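As structure tokens, the structure follows; a few thoughts come after it.
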Amino acid sequence: MRVRFPVLVLGLLLMPVSTCMDGPRPTTRNPPARHVIVAPEQLVWKLIIPGTEMAVVSGNPDKKGGMYVIRIRTKGEVAVRPHWHPTEEHITVLEGSFLMAHGDTYDASKLIELKPGAHSVVPATMRHFGFHKAGNVIEVFGEAPFVINWVNPEDDPNRPKAK
């Protein structure tokens, strides 16, 4: 009888731990996750600014509140004028070289080169600019929406030119 009591107490103490180890139970608010694999050949590339393409890897960069992962690549050298995003931006260089700095005006002398494997976190609303070297690929993730706000609206390469 003496041996059973400590075993019973130990069992009662460990029960909450074993229950928590199973993780949260799927509910309507917490749907079960699914495993997704995206191969590079499945990416759909779309022009975002001249010389620069973007592909969505995961999530929806336009849907507020969700997480997104996108890739950006260039064929030639592309200077990205000063801009900012409403949410924090995480950038990882996958291929080639990407240079970036922060500030309201483009100043090539401030650019810092990021090589493959380098990672940068840009806080929400921080003004920054960059330079893509030919053939680079970067991966960007964060909380949507992914929006580019140009410091100088004239720098928006997709803005209709004045006649």
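So, in the range 90-104, exactly how many residues are touching a residue at least 40 places away in the same chain (Cβ under 8 Å) and assigned to a loop (DSSP other than H, G, I, E, B)?
2
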Report summary line: Sole miss for G117 among (1) assigned to a loop (DSSP other than H, G, I, E, B); (2) out of contact with any strand residue (DSSP E or B) (no Cβ under 8 Å at 6 or more places or on another chain) is condition (2)
Query raised in the report: If you go through the range 50-58 one residue at a time, do you hit one that is at pLDDT below 95, closer than 15 Å to V147 by Cα and among the aliphatic types (A, V, I, L, M)?
Result: no
**Report entry** Selection count where residues are of a type in the set (F, W, Y) and open to solvent by 40 Å² or more (accessible area, probe 1.4 Å), scope the range 116-143
**Finding:** 2
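Being in a loop (DSSP other than H, G, I, E, B) and of a type outside the set (A, V, I, L, M, F, W, C) is the filter; apply it to the range 126-146 and report the residue that is modelled with the highest pLDDT.
Here the answer is R127.
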Query - Among the residues listed as A101, A55, the single one being over 11 Å from the mean Cα position of the chain (by Cα), closer than 23 Å to H35 by Cα and open to solvent by less than 20 Å² (accessible area, probe 1.4 Å) - result: A55
Query - Residues of the range 75-96 that turn out to be open to solvent by less than 50 Å² (accessible area, probe 1.4 Å) and charged (D, E, K, R), as a count - result: 1
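The values are calculated or read from the model by the stated rules, or taken from the named source; none is laboratory data. All values reported here derive from a predicted model rather than from experimental measurement. Reconstructed Cβ throughout: ideal geometry from the backbone, glycine too, with neighbour counts over all protein chains shown. The area values use the complete protein model at the heavy-atom level, side chains included, leaving out ligands, DNA and RNA. Shrake-Rupley method; radii C 1.70, N 1.55, O 1.52, S 1.80 Å.
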